[in-house]
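The next block holds one structure in the form of structure tokens; read it before the comments.
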Amino acid sequence: MRCVSTVLCTLSCIVLLSTPSTMHSQETDAESTHSLRGPQENPDARKELLRDVRENPTPDQLYALARSYVAEGSIRGRKLAVPLLRQAIAQRRDFIEARLLLASLYSRYARRSAQQEYQKIVAIAPNTAEAWLQLATMAEESFYDWRNSANRVLTPGTYVEEQSDMSISAANPTQLSYFNSMMAYRKRRESTYIPLMSSSHADYARAVHAYEEALRCDPSLLDAWQRLVLLHVEMEKYRDALGILDRAVDRFATDRDLHLLRAVCLTRLQLYADASRAFDEAFALMTAGERRDFRFDANVELLRWKYGDIIREASRAELEELFAHYWATTDPLYLSEENEALLEQYARIASANLRYGNALCGVRGWRTDRGKTLLRLGEPVGRLRLRPGIELGQLTLESKTEVWYYED
């Protein structure tokens, strides 16, 4: 028997997805990357800068004026800043600060141009951690976006007359007439799906290389360590991930998420004794509220389907006793010291939180739709992300759909 769990995600509006998570800001804005306090706060200083640029446009003056425009935080300001930065770079090719600011502005509307600019920066100054980090982020986003993807391709068909199956109110004659005219003849065609995953492997390799270079330049980038580990975990390269985690934990011994990632990798490798110790180390670094969410609230969600009425009426102490009994009875190996089923559950919770959570919104990953599916059913046998297809003639608009396959 096959069980299929389907998770629908509209990615055009909510950017949580793919990319994992609680630990990462997808872009570094120019305003946060560069300190922009200074001349722009004084109108007289802006006028003086403009006069100096007209008389003798040196790279430093052009850059200062561009920063003042960017600091406005407006489309107009960014539009005025771009040509100034280009002029400064034309005069001084190795003007890294100007290139970084230009690339960050490009990233708002011209992703490919931003990527090319960051590549120029690392070619000129290979030790620029910020440029490597942005290149890694771009490749990582592309990797998660295209991994396990397929595109629906429609085969030729014929037009057939059919009635609209859409519910249109007769109280709106204009709307009714429009849909009748559009739906009177719909093109009925068969479709097939073409895999698009090959490019994701190249994106994975580029992201790993760029993160490693960023960490070579600046080993204090905790987020880069975490993101690099998650990439290897996504590719199921758990031993590679453990090698990176050993180095990261030596540097950031009190980071909870690194210990959770280590525990997940050890669980996947069935090294349960080490995994149990890693989880204990992570729990010791959590707050009381985080431990309750991880070890109690997640259990409530998992077992709600089995003990619904009991869970609704029981006290906290009674629930803890119920959970202890449940995990004791599901322990697959009574002779071992560890409860492998419970460790697997911890790994699912940790994976969901790290991949699907959003710290800025205060959303725990296991509480999301995908997180709850992972909690109850575990990792799917296979995943398939269907790419959007827009057919205006048929009024068809498909959002990205991620399908998880499970076998029973």
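The values are calculated or read from the model by the stated rules, or taken from the named source; none is laboratory data. No experiment lies behind these values; they were computed from the predicted model shown. Virtual Cβ from ideal backbone geometry, glycine too; neighbours counted across all protein chains shown. Side chains included, ligands, DNA and RNA excluded: accessible areas come from the protein's heavy atoms. Shrake-Rupley method; radii C 1.70, N 1.55, O 1.52, S 1.80 Å.
Could we say that Asp280 is open to solvent by 20 Å² or more (accessible area, probe 1.4 Å), at pLDDT below 95 and among the acidic types (Asp, Glu) here? So Asp280 fails the test.
Can Leu319 be described as among the aliphatic types (A, V, I, L, M) and at pLDDT below 95? Break it down stepwise before answering.
Working: among the aliphatic types (A, V, I, L, M): yes; at pLDDT below 95: yes.
Judged against the criteria, Leu319 is a match.
One residue stands out among those in segment 327-362 that are more than 19 Å from Leu303 (Cβ to Cβ) and charged (D, E, K, R): the one that is modelled with the lowest pLDDT, which is Glu337. Just one of the listed residues (Ala253, Ala275) is more than 25 Å from the chain's Cα centre (by Cα) and either among the small types (Gly, Ala, Ser) or at pLDDT below 95 (or both), and it is Ala275. Restricting attention to segment 296-306 and to residues that are touching a residue at least 40 places away in the same chain (Cβ under 8 Å) and either of a type in the set (Phe, Trp, Tyr) or within 16 Å of Leu354 (Cα to Cα) (or both), the residue that is most open to solvent (accessible area, probe 1.4 Å) turns out to be Trp305.
Put simply, of Glu290, Glu212, Glu236 the only residue that is open to solvent by 70 Å² or more (accessible area, probe 1.4 Å), free of Cβ contacts under 8 Å to residues at least 60 places away in the same chain, among the charged types (D, E, K, R) and in a helix (DSSP H, G or I) is Glu212.
Just a yes or no: is a residue in segment 269-288 at positive phi and not acidic (Asp, Glu)? Taking every residue of segment 269-288 in turn, at least one turns out to be at positive phi and not acidic (Asp, Glu).
Residues that are surrounded by fewer than 15 Cβ atoms within 10 Å (Cβ to Cβ) and either in contact with a helix residue (DSSP H, G or I) (Cβ under 6 Å, 6 or more places away or on another chain) or at positive phi (or both) within segment 84-108 comprise Gln91, Asp94, listed in sequence order. Only one of the listed residues (Val53, Val70) is out of contact with any Phe, Trp or Tyr (no Cβ under 8 Å at 6 or more places or on another chain), within 24 Å of Trp132 (Cβ to Cβ) and β-branched (Val, Ile, Thr). That residue is Val70.
Give the residue, chosen from Ala263, Ala273, that is open to solvent by 30 Å² or more (accessible area, probe 1.4 Å) and either basic (Lys, Arg) or in contact (Cβ under 8 Å) with a residue 24 or more places away in the chain (or both).
Working: Ala263 fails: open to solvent by 30 Å² or more (accessible area, probe 1.4 Å).
Ala273 is the lone residue from the list that is open to solvent by 30 Å² or more (accessible area, probe 1.4 Å) and either basic (Lys, Arg) or in contact (Cβ under 8 Å) with a residue 24 or more places away in the chain (or both).
Checked against the criterion of being in contact (Cβ under 8 Å) with a residue 12 or more places away in the chain, touching a Lys or Arg at 6+ places or on another chain (Cβ under 7 Å) and either in a helix (DSSP H, G or I) or open to solvent by less than 50 Å² (accessible area, probe 1.4 Å) (or both), segment 315-336 has no qualifying residue. Note on segment 239-260: residues that are open to solvent by 10 Å² or more (accessible area, probe 1.4 Å), in a helix (DSSP H, G or I) and among the small types (Gly, Ala, Ser) amount to 1.
For the subset of segment 64-74 comprising residues that are out of contact with any Lys or Arg (no Cβ under 9 Å at 6 or more places or on another chain) and assigned to a helix (DSSP H, G or I), which member is surrounded by the most Cβ atoms within 10 Å (Cβ to Cβ)? Give the steps one after another, and end with the answer.
Residues of segment 64-74 out of contact with any Lys or Arg (no Cβ under 9 Å at 6 or more places or on another chain): 64, 66-67, 73-74.
Those still in the list that are assigned to a helix (DSSP H, G or I) too: 64, 66-67.
Values: Ala64: 20, Ala66: 28, Arg67: 26.
In this case the residue turns out to be Ala66.
Selection of segment 121-136 for residues being surrounded by 16 or more Cβ atoms within 10 Å (Cβ to Cβ) and without any contact (Cβ under 8 Å) to a residue 40 or more places away in the chain yields Ile121, Ala131. Entry remark, segment 324-358: residues being closer than 15 Å to Leu374 by Cβ and among the hydroxyl-bearing types (Ser, Thr, Tyr) number 3 in total. Within segment 364-382, not a single residue is within 13 Å of Ala150 (Cβ to Cβ), of a type outside the set (S, T, N, Q), crowded, with 19+ Cβ neighbours inside 10 Å and at pLDDT below 85.
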